[in-house]
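Novice: I am attaching a structure below and will ask some questions about it afterwards.
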Amino acid sequence: MFDSLSDRLGGVFDKLRGRGALKEQDVRDAMREVRIALLEADVALPVVRRFVDQVTEKAIGQSVLRSVTPGQQVVKIVNDALVEMLGGDTTPELDLNAAPPVVIMMVGLQGSGKTTSTAKISKFLKDKQGKKVLMASLDVNRPAAQEQLKVLGEQVGVATLPIIAGQQPTEIATRALQSAKLQAVDVLLLDTAGRLHVDQQLMDEMKAVSAISSPRETLLVVDSLTGQDAVNVAQSFSGEVDLTGVVLTRMDGDARGGAALSMRAVTGKPIKFAGTGEKPEAIEIFHPSRVANRILGMGDVVSLVEKAAESVKVEEAEALAKRMEQGKFDMNDLRMQLKQMQNMGGLGMLANMMPGMKKAKAAMAASNMDDKVLVRMDAIIGSMTPKERTNPALLNAKRKIRVAKGSGTQVQDINKLIKMHQEMSKAMKQIKKMGGLKGLAAMFG
Ligand code: GDP
Ligand code: MG
């Protein structure tokens, strides 16, 4: 993926080969490509502007190394700048340098992943650093919120503060501190309440808890999938409390990584963890260089198309592109896609190359899908009636049994295929939204 942006830029710079320095106009041409890549990765516009300006200035006038093409060199400059903007080479650690119990306060909007991240970080501290950890939920708004943390605590083997009904967040925080001291706890994690949007009551409550507990770390939890919105959230919170870091959740569902770049630029705070799934162990220390690669690799429709063009009949692809353009993607299209996948060297590769395909890939993984399964899926679709192929919603329980019999499979196989079709159909819409198909159609046309 990384190579292909390099290829893109390479085209712009080919004429420059062998000359001494990067010229302004050529750098600007290349930066146009970079700009597009960043916007496709959902990086906030002001951040893109700032980034492009900085890199342009840096690149112009640099002498070209003999061993690399100018395009490659610009990619390197861009990559380095991305890594830098994401926090550099160092991996930021939690600051626990205070008298125990060291308090970590988790803040953020409802649904951002605070409670899950609280449990994940607690498990991380217990397992990886041998800490004695206590968790307390201060979320008195949602009835089941405290219970949710308790259940997670049992799951990961970390103690939670006993629930007492009717207490206010500040009262719970005070009790949690006392309890942590009594039990000689090393780290106390406070999971605060979230609202669906930023509001003053939430902020005041958060500030009161912060005043009582003097957290060493105040971590803002944000959903990386919310893209541009995440930036607004970060801005609001950092105006109210002293954030010390960011936890970016749902990085598993984010093919783009753009939120990370925006977040760092807007808050100026290090991203300390990345949530990568729903399971308690699905958390990683944030690595700027990996995310930089991810951002540069985004929107790689061009190389996908080049590969596709080698192995797919042009007419077929054209027809598919047209249908996708109209937001249509039925079982006939899926069947064609499956054939193309076989031609193109299997499933994993295709899913890796296409933005928005992460979920489709997960669905494939969930169905234990290997390339042999492609053949079986073809058989399943073959056993559908033409009407069912164009309108998979027709497939009720009775029809599924018939299709399963006809293709020598199980009903659950039919269900998996339907699920996969749905995810792919969603991915297609996403690609369409990004305008990626225009390029696709143009190349085939
Ligand atoms: P809160 O309202 O901020 O406390 O959010 P929760 O912790 O309750 O999380 C909301 C939903 O997001 C739950 O279904 C979590 O399983 C899910 N979730 C949290 N973090 C991640 C993540 O990193 N990846 C994925 N895929 N799901 C996550
Ligand atoms: Mg919660």
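The values are calculated or read from the model by the stated rules, or taken from the named source; none is laboratory data. Remember, predicted model here, so these are calculated numbers, not experimental data. Note that we place each Cβ from the backbone using ideal geometry, even for glycine, and neighbour counts take in every protein chain shown.
Novice: Can you work out which of the residues in the stretch 175-197 that are within 23 Å of L220 (Cβ to Cβ) and more than 16 Å from ligand 2 (Cβ to nearest atom) is surrounded by the most Cβ atoms within 10 Å (Cβ to Cβ)?
Specialist: L188
Novice: Only one of (1) modelled with pLDDT under 95; (2) away from ligand 1 (no atom under 13 Å from the Cβ); (3) at negative phi is not met by R175, so which one is it?
Specialist: (1)
Novice: Going through V209, V185 one at a time, which residue ends up being more than 30 Å from the chain's Cα centre (by Cα), within 16 Å of ligand 1 (Cβ to nearest atom) and more than 21 Å from P92 (Cβ to Cβ)?
Specialist: V209
Novice: Here is a follow-up. Can you say whether V140 is of a type in the set (A, V, I, L, M, F, W, C) and either surrounded by 15 or more Cβ atoms within 10 Å (Cβ to Cβ) or more than 16 Å from ligand 1 (Cβ to nearest atom) (or both), as far as the supplied structure shows?
Specialist: Judged against the criteria, V140 is a match.
Novice: Something else about it: Out of the residues in the stretch 201-227 that are surrounded by fewer than 20 Cβ atoms within 10 Å (Cβ to Cβ) and of a type in the set (S, T, N, Q), which is farthest from R175 (Cα to Cα)?
Specialist: Only one residue tops the list, namely T226.
Novice: Shifting gears a bit: Consider the stretch 85-132. How many of its residues are part of a loop (DSSP other than H, G, I, E, B) and within 16 Å of ligand 2 (Cβ to nearest atom)?
Specialist: Total satisfying the criteria: 6.
Novice: Inspect the stretch 257-270 for any residue being more than 27 Å from V241 (Cα to Cα) and either among the acidic types (D, E) or away from ligand 1 (no atom under 12 Å from the Cβ) (or both) and give the result as yes or no.
Specialist: no
Novice: Confirm whether L243 is assigned by TED's automatic domain parsing to the domain that holds L202 and more than 14 Å from ligand 1 (Cβ to nearest atom).
Specialist: Considered against the rule, which asks whether it is assigned by TED's automatic domain parsing to the domain that holds L202 and more than 14 Å from ligand 1 (Cβ to nearest atom), L243 comes out as yes.
Novice: I've got another one for you. Search the stretch 210-221 for residues that are under 17 Å from K114 (Cα atoms) and pair each with any residue that is in a helix (DSSP H, G or I) and within 16 Å of ligand 2 (Cβ to nearest atom) when their beta-carbon atoms are under 7 Å apart and the residues are at least 6 apart or on different chains.
Specialist: Partner pairs satisfying both residue conditions: L220/F237; V221/K114; V221/S117.
Novice: Here are some conditions: (1) of a type in the set (D, E); (2) within 16 Å of ligand 2 (Cβ to nearest atom); (3) within 14 Å of E240 (Cα to Cα). D204 meets all but one. Which one does it not meet?
Specialist: (2)
Novice: For residues that are crowded, with 17+ Cβ neighbours inside 10 Å and farther than 22 Å from R32 by Cα, scanning just the stretch 285-298, find the one that is nearest to ligand 1 (Cβ to nearest atom).
Specialist: Out of the qualifying residues, it is F286.
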